[in-house]
Amino acid sequence: MTTGVRRRMGVEERRQQLIGVALELFSRRSPDEVSIDEIAAAAGISRPLVYHYFPGKLSLYEAALTRAAEDLAARFQEPHEGSLGVRLLRVMRRFFDFVDEHGPGFSALMRGGPAVSMGESVPVNTLSATNALIDSVRQAAYEQILTHMDVQDPPPRLELVIRSWISLAESTALIWLDKRQIPRRELELQLVHDFAALTAVSSAYDEEMAGILVRILADEPADGPFGELVGRLVALTPPAAP
């Protein structure tokens, strides 16, 4: 009869394991509800050993937050296959996958990050670093959308549209997490329609934006997300008087 031997992890391997365990726990509950003892138990190690790798829960939360931010930013990366509407819909589905998987953690991040009570004082530079991390995700999303639109030097109104839309996606996800009153699939499609609507309204005020919109619509199939929006709007239009 052979006896299993637990393999000793290297320093970096153990750190990555702890980050993964912490991220899983922070994803299910807000950070202030998760204790170091829980993290240690889930990782199969002692509490002092957790402190050997991380000075406190705050530093472990920051490491987990960094990994989550990298994951979230990657959700906006999309192959240039299909129309812009189809690509944005795939992006929104992956975005909501993340929100669904990391609900409490996503909510805590967007509503203040480690400023929540964690039994530790939160240095100003930590809050600044967290805000910078959130901004880096937003910037990555912004750059990816520009890539999908094949625009290298965006006009001011386009930057406004994209950044406003990213904020709208964040707010929509937070509201959805609270009560989940609207089916998730409907919201994913609605956000794609919101992007088209914001672009169309901006195009009414700017020739360059109008040119971008015309180019986008030229590649959109009638049965795609943008085409569906046009159909829904036409259906709302009252018939012309005889």
Selection from region 152-181 of residues in a loop (DSSP other than H, G, I, E, B) and either within 21 Å of D135 (Cβ to Cβ) or small (G, A, S) (or both) yields P154
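Among the residues of region 193-242, what is the count of those that are hydroxyl-bearing (S, T, Y) and in a helix (DSSP H, G or I)? Walk me through how you get there before you give the answer.
Step one: list which residues in region 193-242 are hydroxyl-bearing (S, T, Y), which gives 199, 202-203, 205, 237.
Applying the additional criterion that residues be in a helix (DSSP H, G or I) yields 199, 202-203.
Count: 3.
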Within region 201-215, restricting to residues that are farther than 16 Å from L146 by Cα and among the acidic types (D, E), the one that is most open to solvent (accessible area, probe 1.4 Å) is E207
Within region 35-76, the residues that are among the basic types (K, R), open to solvent by less than 50 Å² (accessible area, probe 1.4 Å) and in contact (Cβ under 8 Å) with a residue 40 or more places away in the chain are K57
The condition from (1) crowded, with 18+ Cβ neighbours inside 10 Å; (2) modelled with pLDDT of 85 or more that G113 misses is numbered (2)
Per the list (1) part of a helix (DSSP H, G or I); (2) under 30 Å from G224 (Cβ atoms); (3) open to solvent by 70 Å² or more (accessible area, probe 1.4 Å), residue check on D97 breaks on (3)
Looking across region 179-188 at residues that are more than 16 Å from the chain's Cα centre (by Cα) and of a type outside the set (K, R), the single one that is surrounded by the most Cβ atoms within 10 Å (Cβ to Cβ) is I182
Note: among A63, A41, just one is assigned to a helix (DSSP H, G or I), at pLDDT below 90 and aliphatic (A, V, I, L, M), namely A63
Considering region 216-241, residues that are touching a residue at least 60 places away in the same chain (Cβ under 8 Å) and farther than 23 Å from R185 by Cα, and then whichever is surrounded by the most Cβ atoms within 10 Å (Cβ to Cβ), we arrive at I216
Scanning region 152-178 residue by residue, those open to solvent by less than 20 Å² (accessible area, probe 1.4 Å), within 27 Å of D206 (Cα to Cα) and either in contact (Cβ under 8 Å) with a residue 40 or more places away in the chain or among the polar types (S, T, N, Q) (or both) turn out to be P155, L158, V161, A169
Taking region 182-192 and keeping only residues that are touching a residue at least 12 places away in the same chain (Cβ under 8 Å) and in a loop (DSSP other than H, G, I, E, B), one is left with none
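The values are calculated or read from the model by the stated rules, or taken from the named source; none is laboratory data. Since this is a predicted model, take the numbers as computed values, not measurements. Methodologically, a virtual Cβ is constructed for each residue, glycine included, from the backbone with ideal geometry; neighbour enumeration extends over all protein chains shown. For accessibility, only protein heavy atoms count, side chains too; no ligands or nucleic acids. Shrake-Rupley method; radii C 1.70, N 1.55, O 1.52, S 1.80 Å.
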